[in-house]
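Trainee: Before I ask anything, here is the structure I am working with.
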Amino acid sequence: MGAEPTGGPALPQERRLVTAIPGSRSTALSARRATAVSRAVSTMLPIFIERAGGGVLVDVDGNSLIDFGSGIAVVSVGNAADEVVAGVRDQVGQFTHTCFMVTPYEGYVAVCEELTRLTPGDHEKRSALFNSGAEAVENAVKISRSFTGRQAVIAFDHAYHGRTNLTMALTAKNMPYKHRFGPFAPEIYRMPMAYPYRWPTGPENCGPEAAAEVITAIDKQVGTENVACVLIEPIQGEGGFVVPGEGFLPALAEYCRENGIVFAADEVQTGFARTGAWFACEHEGVTPDLIATAKGIAGGLPLAAVTGRAEIMDSVHVGGLGGTYGGNPVSCAAALGAIRTIEDQDLVGAAQRIESIMLPRLRELQQRQAAVGDVRGRGAMLAVEVVTRGSKTPDPVMTQAVAHACHQAGLVVLTCGTFGNVLRFLPPLVIPEHLLSEGLDILDEAFDTVAARPAGDQVATANA
Ligand code: PLZ
């Protein structure tokens with residue numbers, strides 16, 4: 001190892017811009033990339049990263065940016081977290097792969113034991129491990145169908161569940177996820193989402209009204225007795241960080257319980273302390289029958305899981321679930337390190353503290369900026385919905401312009417939403433408080449700058 005500082009938590013926790021964003025080295029790498037990488041794989045911010053840790057990303061030009069993205073809610077424990085790195089180093093020197101279906105190893109079992117311990121409910125559970133969130137969701141559907149002997153799957157408006165054929169069908173948004181990629185898997189039925197900000201009779205009525213509407217629609221259009229599972233993100237991710245109206249999730253879970261339907265929670269984005277609880281279902285006291293996890297589970301290494309009631313998980317025939325790499329030993333070692341980090345550093349509490357710092361600042365922003373229509377989220381999964389002043393009309397152009405201004409100032413923020421008009425904030429849970437405040441200052445300034453521009457200029461910047 002050279003004398004160069006490595007990444008991880010020891011990196012200086014500072015914003016430092018030494019070139020324009022992107023700098024010349026990133027620009028050169030982008031040119032190389034264009035000749036080798038399919039343009040279909042898009043990038044939010046074309047700076048190439050050299051190291052990362054705590055709350056910063058350091059690029060190849062030496063710029064240190066504040067990270068409000070965590071690689072889409074993955075590095076909740078921080079990039080290159082000590083326990084993750086130690087576990088991976090140790091495991092990679094022992095063995096890198098056997099395939100659990102050929103000859104098993106302890107790490108896989110240990111991760112499944114942790115999932116039993118940490119996920120909601122104290123019933124008997126089993127887990128199976130996979131590589132990606134989409135794969136976990138897809139397996140949750142397979143398991144639900146096998147267990148119930150039924151085929152219909154209920155998904156929701158604004159849902160995002162992945163990019164494989166089955167999960168594309170489950171995902172609500174056409175562009176960019178589904179466009180020209182059909183035909184899609186059958187027996188998927190989409191229902192209205194309890195979206196408080198856009199609920200016609202107001203946010204306070206949203207949960208119960210939406211639940212009643214959905215349950216009637218399922219019964220009349222699909223037939224309750226045909227439904228294998230109701231699949232839902234307890235807080236929607238890519239679809240716009242929609243926190244369902246209070247009571248919606250419990251009502252759906254109750255309906256499932258009464259009718260032999262599997263209630264499957266997609267906690268791929270919300271899981272592992274992100275929302276200020278180990279799992280977002282806990283905020284409403286809901287215990288899912290199956291829970292799909294990924295992202296935050298393994299500190300950046302690819303790992304995913306389905307965890308659920310033993311009788312459901314074990315109903316599948318022997319050999320029915322698996323895959324070459326599912327539960328790879330290096331990923332399992334990373335997961336055990338990440339879980340230990342969440343517990344030792346009380347990152348559930350850290351996510352709650354992040355909410356208590358960020359939410360008031362975002363609400364102040366909403367007071368000042370007519371374009372901020374809604375502020376929502378839980379823990380370190382927060383967002384603002386951007387609309388045309390005095391209306392609820394989505395303003396994706398302004399959203400992009402604000403994101404772009406943040407990037408230029410050294411703050412990595414992401415956008416999302418069916419209408420592309422949501423700025424979302426997913427800082428690593430280990431981010432120091434001063435970076436959190438500085439990031440929020442940058443966001444404030446970005447809104448000021450963009451709001452002061454004539455509308456035509458916003459378009460130019462957003463497309464630049
Ligand atoms: N379910 C709730 O958030 C992944 C997608 C990024 P994979 N979200 C990021 C993109 O544009 O591809 C996600 C999610 C929820 C499932 C998934 C899918 O997880 O690990 O990307 O397959």
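None of the figures in this text is laboratory data; all of them are computed from the coordinates on show. This is a predicted model, so every value here is computed, not measured. Neighbour counts are summed over all protein chains in view; Cβ atoms, including those assigned to glycine, are modelled from backbone coordinates with ideal geometry.
Trainee: Using 10 Å bins from zero, what percent of all Cα-Cα pairs in segment 265-329 falls into each bin?
Mentor: 20, 45, 30, 5
Trainee: Is segment 94-169 rounded, prolate or oblate when judged by the Cα gyration tensor, a ≥ b ≥ c being the square roots of its eigenvalues, rounded requiring a/c under 1.5 and prolate requiring a/b larger than b/c? The partial results should precede the final answer.
Mentor: Working: a/c = 2.03, a/b = 1.54, b/c = 1.32.
Because a/c hits 1.5 or more and a/b exceeds b/c, segment 94-169 counts as prolate.
Trainee: Exceeding 25 Å between C-alpha atoms, which entries from my cross-link table qualify? They are LYS125/LYS220; LYS220/LYS295; LYS142/LYS295.
Mentor: LYS125/LYS220; LYS220/LYS295
Trainee: Sticking to Cα atoms, compute the Rg of segment 363-430 to one decimal and its Dmax as the biggest Cα-Cα distance, whole number, in Å.
Mentor: That works out to 11.6, 37 Å for Rg and Dmax.
Trainee: What distance in nm lies between label points placed 7 Å from Cα along the C-beta direction at THR35 and ASP314?
Mentor: 5.9
Trainee: Turning to a different aspect of this structure: Of all beta bridges DSSP finds with both residues in the chain, what is the antiparallel percent, to the nearest 5? Write out the running numbers ahead of the final one.
Mentor: Values: 32 of 48 bridges.
Percentage antiparallel, nearest 5: 65.
Trainee: Using only Cα atoms, figure out Rg for segment 112-239 and give it as a multiple of 2.2 N^0.38 Å. Working shown, then result.
Mentor: Working: Rg = 15.7 Å, N = 128, 2.2 N^0.38 = 13.9 Å.
In units of the 2.2 N^0.38 Å rule of thumb, it is 1.13.
Trainee: Starting with the fewest neighbours, write out ASP122, ASP374 ranked by other beta-carbon atoms found within 10 Å of each beta-carbon. Can you show the working numbers first?
Mentor: On the way: ASP122 9, ASP374 22.
If I rank by nearby Cβ atoms, fewest first, I get ASP122, ASP374.
Trainee: Would you mind checking which residues have amide H under 5 Å from ASN79's amide H? H placed 1.01 Å from N; only 5 or more apart, or other chain.
Mentor: Close amide H contacts, sequence-distant or interchain: GLY53, GLY54.
Trainee: How many nm separate the modelled label positions at MET44 and ARG16, each set 7 Å beyond the Cα in the direction of the Cβ?
Mentor: About 2.4 nm, to one decimal.
Trainee: Just order 23-32, 341-350, 407-416 by mean Cβ neighbour count inside 10 Å, highest at the front, would you? Before the final figure, lay out the partial values.
Mentor: Values: 23-32: 14.8, 341-350: 18.4, 407-416: 21.9.
Peptide ranking by packing, descending: 407-416, 341-350, 23-32.
Trainee: Right, next: Expressed in nm to one decimal, what extension gain is obtained for the pair GLU258 and ARG368 from 0.36 nm per residue of sequence separation less their Cα-Cα distance? Mind showing how you got there, number by number?
Mentor: Values: separation 110, 0.36 × 110 = 39.60 nm, distance 4.69 nm.
Stretched fully, the GLU258-ARG368 segment lengthens by 34.9 nm.
Trainee: Using helices alone, I'd like the mean residue ellipticity at 222 nm for the chain: each DSSP H run of four-plus residues gives -39500 (n - 2.57), total over residue count, nearest 500. Let's see the in-between values first.
Mentor: Working: 14 runs with 175 residues, N = 464.
So the helix-based figure for the chain works out to -12000 deg cm²/dmol.
Trainee: Two decimals is fine: what is log10 I(q)/I(0) at q = 0.11, 0.19 Å⁻¹ for segment 188-330, from a Debye sum with one equal scatterer on every Cα and no solvent?
Mentor: Here the Debye-derived log intensity ratios amount to -0.45, -1.21.
Trainee: Treating the Cα atoms of segment 28-154 as identical point scatterers in vacuum, please give the log10 of the normalised Debye intensity I(q)/I(0) at q = 0.18, 0.21 Å⁻¹, two decimals.
Mentor: -1.23, -1.30
Trainee: So what is log10(I(q)/I(0)) for segment 142-193 at q = 0.29 1/Å, when the Debye sum runs over its Cα atoms only?
Mentor: Values, matching the q order: -1.17.
Trainee: Cα-based Rg of segment 322-461 per 2.2 N^0.38 Å, rounded to two decimals? Intermediate values should be presented prior to the final figure.
Mentor: Values: Rg = 17.7 Å, N = 140, 2.2 N^0.38 = 14.4 Å.
Computed over Cα atoms of segment 322-461, the ratio equals 1.23.
Trainee: Quick check: convex hull of the Cα atoms in the chain, volume per residue, rounded to a whole Å³? Write out the running numbers ahead of the final one.
Mentor: Details: hull volume 69.6 nm³, N = 464.
Each residue corresponds to 150 Å³ of Cα convex hull volume.
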